[in-house]
Amino acid sequence: MEIHQIMSAIFLIAVLALVLPGFLATNTKVKQFLNNLSIWTIIVLIIIVIIYLIK
């Protein structure tokens, strides 16, 4: 693993640690939580596909 990949992973974990408590606090119902989680999954998948197509 190169250093920029390690740094990217550390930054991703740091952002997740900052966002996750608020995300869990606002999604008290299971249906709402799954809906928001699916939306975020779609967004992340779109970003991954775009990055893959660019490279």
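Nothing in this text is a laboratory measurement; each read-out follows from the coordinates by a stated rule. Model, not experiment: these values are computed from the prediction. Note that we place each Cβ from the backbone using ideal geometry, even for glycine, and neighbour counts take in every protein chain shown.
How high is the FRET efficiency between ALA25 and ILE47 when r is their beta carbon distance and R₀ equals 30 Å, given to the nearest 0.05? Show your work: numbers first, answer last.
Numbers: r = 25 Å, r/R0 = 0.83.
That gives a FRET efficiency of 0.75.
Taking N as the number of residues in the chain, what value does Rg over Cα atoms divided by 2.2 N^0.38 Å take?
Details: Rg = 14.2 Å, N = 55, 2.2 N^0.38 = 10.1 Å.
That ratio works out to 1.41.
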